[in-house]
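What follows is a single structure, written as C-alpha cells, with notes after it.
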Amino acid sequence: MILDAEEELKNYSTQQSESKWLIMPLLIGGRMERKARVLTELPYNPKIAYFSMEICVRSDIPTYSGGLGILAGDTIRSCADLNIPIVAITLLSEKGYFDQDIGEEGEQVEKPSNFNPASSMYLVARETSVRIGNSQVKIRPWFYPVTGSSGYQVPVIFLDTNVEGNGEWERTLTSYLYGGDEKYRLAQEIVLGIGGVRILKALGFTGIYRYHMNEGHASLLTLELYNKTRNVDYVRSQCVFTTHTPVPAGHDKFDIELVRELMGEEFPKEILPHVVFDGKLNMTKLGMFFSHYINGVAKRHREVSQELFPGYSIDSITNGVHSPTWVSKPFRRLFNIYIPGWKSDPYMLRYASSIPKNEIWKAHMEAKKKLLEYVKRSTEIELDLEVFTIGFARRMTEYKRPDMLISDLSELLRIKEEAGDFQIIYSGKAHPKDTQGKMMIRKIFRAQKELEGKIKIVFIKNYNMEIAKLMVSGVDLWLNNPKIPMEASGTSGMKAAHNGVPQLSTLDGWWKEGCIEGVTGWSIGNGEPSNDEEEREDMYRKLREVIIPMFYREREKWIEIMRNCIALNASFFNTQRMVEQYVLNAYFL
C-alpha cells in the first residue's frame, strides 16, 4: 500500500507521543518558510543503511532524476513491505534535478524545481558536520517515513546543508541534484558519504552492521568507517556495493589534487594506490575496494562490470520494480479479482495466464484512454484510441538512441502504408550539459513537423514518475533501443510488463533475461555489440512485418503476449524478489 506524503506523516504522527515532536517556524535560505514539524528523536533501530544520491519517495518531491532514484524508491518500498530493518540516506536536492520546458523547435529549457521540504517531511532536531576544504559544514536531517503493506515503516533521511551558519556556497550543496562543477559534486559526495554516516550516529542508530552503497556517489562513507578503525577487513565486512554503470565514462572520478584540497587528512594516504588511476580518484573502485559483496544489476551487466573491474568478484542481482506502485488502476482492479494476494506476493502474477483475454484488453484500453486524455491536455494534440501507439520515455542521451525510430522518415511512411497506422509518444529529459541529448529532442520535434498530417508524434515535457505511470500502462508497445552493452539494466520495460505492454528492445540489460521472442515481446538485433544500421533495419522490419500487423489482424495472439508479459516477466522482475536476493546474498552473509 503506497500512501501520499500527508497520509504517511499523519500515520507517523499518530504513533508518536506529543513530547517527541513539535511545530515551529523554519528559516530556509534566509527567509521564513511554512511551519515545519520538528522531531526530537526517531523511534527506529535499523540494521542496514542504504545510501543513494537520489531516492524517489514521491513524484512531486523532486529528489530524483530518473532510473536510479526511481529504483531506490522502489527498493525502499519493498523493504517496507518485507519488514526489512533498513534506513535510507540521500541528499535533500531542494531545487531538484530541474523542471523541463520545451521551445517551439524542441530546445530544452531548464528551470529549478520549487520544493519546500517542510510541506512533506519532518525536520529532526539533530545535527552533524563535515570538513570541506577550510570550512566546517553543518548538516541537518529531514525525515520521511515510507509505510509498507503491513504498516511497517522505513525511515528515509534527507541531508540538508542549507543551515544558518554555513557559508553561502556550502548552503547550496544540497540544492541541485547532479549540479555544479567537479568541486561541487565532490563536496556533495562528502556530505552524502561521510555526513551520512555521521548523521546516523547523531540519530542514535548505533546497531547498523551493513552499509549498502547504491552506486559510487556514496563511496566516501567507507573512509569514515575506516578512519575510525584503520582496519580494511572490518570495513569490508560491513559494506556492500552495487554498480549501475557499464561504461568507464559513467563512473565518478575526481582529480586527486581536488580531493586533497577538499578532504585533506580525511583521505588516508595508504588507500590511494588502490583507488587512484591516472591521477584521479575512482569512486567505484573506492566502493569496491572496501566491500565484501559487489553486484551488477543484470546478468549481462555483471559480465560487463567484471571486464571493467577484473580485480574484483562481481555477482548479479537483476533489478526489479515495485509492483503495487507501477500497476495501473485498471489492472490493479483486475488482479484483485483474479489474483488476490498479488500485492504482498508479486510472484502470484504468474497466474495472469488465467485472466480472460477480453478483460485484459478492456483494462488496457482504459489505461490507454487515460494516457491519451493526458496527452491532449498537456500537448493539445489528440491521438486516436484505436491506433497502434509506440512509447519511448527515458533520459534523452546519445547511447539510448531516442532518434533511431525517426532516423528514416520514408521508412516510417512505408510501415504505415504496408502494416497499418501508428502514433508515437516521447518523453524524457537531457542532462543540462548533454548537448547531444538536447539535440535528440530537437530531432524529435523536426520529425514531428515533417510528418505532420501523416504520422502523429508527440513529446510530453517534464518527464516524471506520474507521466511514466501513464505511459508504461497506456501505450501498446514499449520501445527501448540502447547501444549494446551500455544499458546496465533498464526498468521501464519491467513497468510496462506489469501492465501487459510488450517491449521491443535490443538484447541488453534485463531484456537479455526477459525476452522470449514472440512470447513476451521482440528483440532488436542479435545481442552482439550494436551496429546502428543493422539494428535500425531489424527494428523497422519487425514493426512492418510482425508487430503492427499482429496488433491489427491477430488481436487474440496480441493479447496472449500481453498476458505473457505479466505472467512471465512481471512475476519475476519486481523489487520484492530483488530485495529478497539482497537480504540472502548481501545483507545477512
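Just so you know, all these numbers are worked out from the coordinates, no wet-lab data involved. It should be emphasised that the depicted structure is a prediction, and the values quoted were computed from it without experimental measurement. Glycine gets a Cβ as well: all are built from the backbone with ideal geometry, and neighbour counts include every protein chain shown.
Along the positive direction of the dipole of segment 323-573 (beta-carbon charges: Lys, Arg +1; Asp, Glu -1; about the Cα centre), which of 458, 448, 562 reaches farthest? Result: 458, furthest along the dipole toward the positive end.
Please rank 427, 353, 473, fewest neighbouring Cβ atoms within 10 Å first, as an exposure proxy. Write out the running numbers ahead of the final one.
Numbers: 427 24, 353 12, 473 27.
The fewest-first ordering by Cβ neighbours comes to 353, 427, 473.
Taking residue 183 as the anchor, which lysines have their alpha carbon closer than 23 Å to its alpha carbon, excluding any fewer than eight residues away along the same chain? Filter leaves 95, 111, 138, 253, 269, 280, 285, 433. Remark: C-alpha extents of segment 298-431 on the principal axes read 54, 46, 30 Å, sorted largest to smallest.
Of 299/483; 357/469; 329/495, which ones are farther than 20 Å apart at the Cα? Listed pairs above 20 Å: 357/469. When the Cα atoms of segment 323-573 are aligned to their principal axes, the ranges along those axes come out at 47, 39, 38 Å in descending order. Across segment 323-573, the relative contact order, built from alpha-carbon pairs under 8 Å that are at least six residues apart, equals 25 percent. The relative contact order of segment 276-358 comes to 18 percent, based on Cα pairs under 8 Å that sit 6 or more residues apart. In order along segment 270-276, phi translates into HN-Hα couplings of 5, 8, 3, x, 8, 10, 10 Hz, rounded to whole numbers, per the Karplus curve 6.51 cos²θ - 1.76 cosθ + 1.60 with θ = phi - 60° and x for Gly and Pro. Counting Lys and Arg as +1 and Asp and Glu as -1, what is the net charge of the other residues whose Cβ lies under 12 Å from the Cβ of residue 568? Around residue 568, the charge tally is 0. Coupling constants for segment 485-494 follow from the phi torsions by the Karplus curve (6.51 cos²θ - 1.76 cosθ + 1.60, θ = phi - 60°), and in residue order they are x, 9, 9, 5, 9, x, 10, 4, x, 5 Hz; glycine and proline get x. Proximity of backbone amide H atoms, modeled 1.01 Å from N, is registered between residue 146 and 154, 156 at under 5 Å, excluding neighbours fewer than 5 places apart on the same chain. A simple count of charges around residue 299, restricted to other residues whose Cβ falls under 9 Å of its Cβ and scoring Lys, Arg +1 and Asp, Glu -1, yields +1. Put in line by how crowded their Cβ is, counting other Cβ atoms within 10 Å and starting with the fewest, 135, 316, 489 read 135, 316, 489. Arranged from fewest to most other beta-carbon atoms within 10 Å of their beta carbon, 224, 380 become 380, 224. Considering only alpha-carbon pairs that sit under 8 angstrom and 6 or more positions apart, the relative contact order computed for the chain is 14 percent. The charge dipole of the chain, taken about its Cα centre with unit charges on the Cβ atoms of Lys, Arg (+1), Asp and Glu (-1) only, comes to about 1300 debye.
Computed extension length for residue 410-residue 164: 82.6 nm, one decimal, from 0.36 nm per residue of separation with the Cα-Cα distance subtracted.
Scaled against 2.2 N^0.38 Å for its residue count N, the alpha carbon radius of gyration of the chain is 0.96.
Just to confirm a number: summing +1 for Lys and Arg and -1 for Asp and Glu over residues other than residue 378 whose beta-carbon lies under 13 angstrom from that of residue 378, what do you get? Mind showing how you got there, number by number?
Details: positive: 370, 376, 377, 461; negative: 101, 373, 380, 382, 466.
That sum, taken over residues with Cβ under 13 Å, equals -1.
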